[in-house]
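Structure first, commentary second.
The values are calculated or read from the model by the stated rules, or taken from the named source; none is laboratory data. Everything numeric in this text was worked out from a predicted model, so none of it was measured. Positions of Cβ are generated from backbone atoms using ideal geometry, with glycine treated the same way; all protein chains shown enter the neighbour counts.
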Amino acid sequence: MSNNYEKATFAGGCFWCMVAPFDEQPGIKEVVSGYTGGHTENPSYEEVCLDTTGHYEAVQITFDPMIFPYKKLLELFWQQIDPTDAGGQFNDRGQSYRTAIFYHNEEQKQMAVASKQELAASGRFSKPIVTEILPASPFYHAEEKHQHYYKKNAFHYNLYKEGSGRAPFIRENWKKTKSDDQLRKDLTEIQYEVTRNNATEPPFRNEFWNHTEEGIYVDIISGEPLFSSKDKYDAGCGWPSFTKSLRKSEIEEKLDTSHGMRRIEVRSKTSDSHLGHVFDDGPGPFYNRYCINSAALRFVPKGKLEEEGYGEYRSLFEN
């Protein structure tokens, strides 16, 4: 891995919700919550919330551009926010919750401007894109209780992200799915039944149950990365099994009481596809066994990661 780390700073409303999407990406060394853009030194959370300091709630990311380029960080940033809201984000109103990209050099500035123009020209949003592009200024770390809040207080964090309106907005405006008619054309019968109707394919008679090639498994509909061969193991159940997901923020877990059982269903957030179930009988340290239908997945071998737009995951397979 390169030691040429760079900094990226983004304000996207409540900083609790801006850590997880970046934290789990390859090439990311550190994500810190804090305050920037204002005139008060070492402000407290309470002071920033009063909107008297001029500061934004923000995250500062230390990243390896050789693995996860700044352009990809920008793409991911836009997908976490409402860039048309000049007064805050979702239920959080006020100056400290506005959105901004703070550039650290001229190259970042040019890329940010181009990225904003590209989003505006895409027609994805009918309102103007109002996210500011500003020079980076001193960044002050937030209090420890706010760092990686999504891990420390997962239950409250998930309730907050959903209840604030952020999660529904992301699902509605950034979903990568197709019409039902198009899916029926694009998918095989078993792929359609599994992903859209929660079906289960036969054990030991599916594409990936004993597949051992190195690479990643992506959502058959959205293309979002879901699992790695590094975390795949033979659970003896006849379906591909994984100890963890590549991107936890892309996985949604729900209680499933169908067929007279109590299980935890696993779904892909972006496409709302049924993937399978997760059990607690896997190998350590967390004992997860993600039991996934092959029909919900597409495999990208490590030799084609760059070609297919997943180059940042190449580092997973490098010594």
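See the values below:
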read-out	value
Test: ILE67 is of a type in the set (A, V, I, L, M), touching a helix residue (DSSP H, G or I) at 6+ places or on another chain (Cβ under 8 Å), part of a loop (DSSP other than H, G, I, E, B) and in contact (Cβ under 8 Å) with a residue 40 or more places away in the chain	yes
Cβ pairs under 8 Å, 6+ apart, first in segment 189-208 and under 15 Å from GLU265 (Cα atoms), second acidic (Asp, Glu)	VAL194/GLU201; ARG196/ASP180; ASN198/GLU265; ALA199/GLU193
Residue match in segment 97-111 (condition: small (Gly, Ala, Ser) and more than 16 Å from PHE10 (Cβ to Cβ))	no
Top-ranked residue of segment 84-122 - restricted to ones that are of a type in the set (A, V, I, L, M) and in contact (Cβ under 8 Å) with a residue 60 or more places away in the chain, ranked as surrounded by the most Cβ atoms within 10 Å (Cβ to Cβ)	ILE101
Unmet requirement for ARG184, which otherwise passes all of (1) in contact (Cβ under 8 Å) with a residue 60 or more places away in the chain; (2) assigned by TED's automatic domain parsing to the domain that holds TYR290	(1)
Residues of segment 136-180 satisfying the condition of being of a type in the set (Phe, Trp, Tyr) and either loosely packed, with under 12 Cβ neighbours inside 10 Å or in a loop (DSSP other than H, G, I, E, B) (or both)	PHE155
Among residues of segment 118-135, those that are part of a loop (DSSP other than H, G, I, E, B), of a type outside the set (D, E, K, R) and more than 22 Å from the chain's Cα centre (by Cα), counted	4
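The rows are residues; the columns are (1) over 16 Å from PRO138 (Cα atoms); (2) touching a residue at least 60 places away in the same chain (Cβ under 8 Å); (3) surrounded by fewer than 17 Cβ atoms within 10 Å (Cβ to Cβ).
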| site | (1), (2), (3) |
| --- | --- |
| GLY27 | yes, yes, no |
| SER33 | no, yes, no |
| VAL48 | no, no, no |
| THR53 | no, no, no |
| THR62 | no, no, yes |
